[in-house]
1. Using the structure shown, decide if Leu323 is more than 27 Å from Thr84 (Cα to Cα) and crowded, with 20+ Cβ neighbours inside 10 Å.
2. Among the residues of the range 147-178, which ones are touching a Phe, Trp or Tyr at 6+ places or on another chain (Cβ under 6 Å) and of a type outside the set (A, V, I, L, M, F, W, C)?
3. Looking at Thr298, Thr285, Thr280, Thr274 in this structure, which one is of a type in the set (S, T, N, Q), surrounded by fewer than 23 Cβ atoms within 10 Å (Cβ to Cβ) and modelled with pLDDT of 95 or more?
4. Do the conditions hold for Tyr134, that is, is it over 16 Å from the mean Cα position of the chain (by Cα), over 22 Å from Ala225 (Cβ atoms) and buried (at least 24 other Cβ atoms within 10 Å of the Cβ)?
5. Select, from Ser86, Ser34, Ser52, the only residue that is touching a helix residue (DSSP H, G or I) at 6+ places or on another chain (Cβ under 7 Å) and surrounded by 24 or more Cβ atoms within 10 Å (Cβ to Cβ).
6. Just to check your reading of the model, which residue among Leu268, Leu323 is modelled with pLDDT under 95, in contact with a helix residue (DSSP H, G or I) (Cβ under 8 Å, 6 or more places away or on another chain) and not assigned by TED's automatic domain parsing to the domain that holds Asp428?
7. Testing Ala69 on (1) surrounded by fewer than 24 Cβ atoms within 10 Å (Cβ to Cβ); (2) aliphatic (A, V, I, L, M); (3) more than 20 Å from Leu333 (Cα to Cα), one condition comes back false. Which one is that?
8. Among the listed residues Lys397, Lys439, identify the single one that is among the charged types (D, E, K, R) and touching a residue at least 12 places away in the same chain (Cβ under 8 Å).
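The values are calculated or read from the model by the stated rules, or taken from the named source; none is laboratory data. Small disclaimer: the values here were computed from a predicted structure and weren't measured. Here the Cβ is made from the backbone with ideal geometry for all residues, glycine too, and neighbour counts use every protein chain on show.
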Amino acid sequence: MINKTIRPMTTAAMLLAVGIASPLIAAEKTQPPSQPNILFIMLDDLGKEWISCYGAEDIKTPNIDALAAGGMKFNNAYSMPQCTPSRTTLLTGKYPWRTGWANHWDVPRWGVAYFDWKQKENITFARLMKDLGYATFAAGKWQINDFRIEPQAMKKHGFDDWAMWTGGETGNLPSENRYHDPYINTPEGSKTYEGKFGPDIYSDRLIDFMRKNKEKPMCLYYPMALPHIPFVATPDEPNAEGKLGMHQAMVRYADKMVGKIIKELDELKIRDRTIIIFTTDNGSTAGKRAVTGIRNGTPVEGAKGMETEAGVCAPFIVNCPGLVPAGVEGEALTDFSDMLPTFLELGGGKVPEDFITDGTSIAPLILGKAKDTDREWIMALGHGRAKLTKDGVRPMKDFATRVIRDKRFKVWVSNAKKIIRLHDLQSDPWEKTNLIDSKLDEHTKALQKFQAVVDSLPDKDAHPVYEPRAANPWDIKLNQDNNTTKSE
């Protein structure tokens, strides 16, 4: 648990509003005297080995570190392993095995499947927070809809305003740019911003929204584009060279953006009623483009898409002066499925009775009303790319590999729905020793505990639910080789 000295904390939220009626009544209208803003900041592809308050030795991230020093730092928070599963879990409060987004699917680049706002499974926290009276906003990377087909997808998912990189749209080369000369979708449509640096536009639009809505409760979703590949030099370090040098420059620029937003919150005099949650969507870039960072004396190579802790155990910091205790670090369990119910409780509502969520609110912990979360385990799944079949987009396998852990032990579960690895993370944080065949009582009991979780899961993961539409020239074709992942 997050240690026994927990005190209250809150999350700054800049909120976004929906353009279609929510099919659910999101919350009781018994609002607290004042609803905190919620600001959810999520970097793209960055493990703990690149954040100095988590022990990174090759870089300094002073603004992120200040959030940790002045708030709560979680050591046991799970994202999903890669882009699509993390985003859909965060937005819906449901694990990927339930929504069908159990693998990555790059909608603008591959088409066919999309994050369909008409489906009950895909109702987002933005739509529910809007029902609570929040103004909602998003800036950064979306990538789970094709704005060419539905330019107002963000509005239909519950956001009042937005500035989103479109994702790399097949057949539209300018759309590949998320950094220099970025191609960005807003309520006015998509276009290239020549001579601009994408992260500046995303943050400036966020700040503009805050200024216009500072008297309202806001729910702000800031899934940064940084520091995902391609590696680029930044305006602050135009001479950065090589993948390591440019990666470090990009991380420093992301830290700068965090500081820029916090400064604006101070100037607007809403810092003390804004709960900031800082995290990342998965580990750092892996494979041939991976960079290695030193964390607490240990070299850590990028592990995006992997089951290891470096791939799924994300940095997770919560901060709000006067509401969140300063300098608290602990072992409380949480994962991305918890965010939707947490946002609702912070906003004075609750999860609707007819809404399914796999998460549980961690608001009592971060508000100082509890000493731990209610989680006995957390889960991460979503490795690899989905496949296209004659019946539509489907998960890679009927049952996706996944990892499940508590505060001490972790198991790896295979496509055959079998536990194949057991690790004691306290004595073996880098998961070198498989204890699956151990006869020690503590290991046997751990396996029994996790086996009960595995047995509770369906034998087959759901399929993505979306309304079929007419094919477009850029849609991926059955049997087409689309293994490239350059735009994830």
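1. So Leu323 fits the description; yes.
2. Residues satisfying the conditions are Lys156, His157, Asp161, Thr166, Thr170, Gly171, Pro174, Ser175, Asn177, Arg178.
3. Of Thr298, Thr285, Thr280, Thr274, the one residue that is of a type in the set (S, T, N, Q), surrounded by fewer than 23 Cβ atoms within 10 Å (Cβ to Cβ) and modelled with pLDDT of 95 or more is Thr298.
4. yes
5. Working: Ser34 fails: surrounded by 24 or more Cβ atoms within 10 Å (Cβ to Cβ); Ser52 fails: surrounded by 24 or more Cβ atoms within 10 Å (Cβ to Cβ).
Answer to the selection: Ser86.
6. Details: Leu268 fails: modelled with pLDDT under 95.
So the residue among Leu268, Leu323 that is modelled with pLDDT under 95, in contact with a helix residue (DSSP H, G or I) (Cβ under 8 Å, 6 or more places away or on another chain) and not assigned by TED's automatic domain parsing to the domain that holds Asp428 is Leu323.
7. (3)
8. Residue meeting the stated conditions: Lys397.
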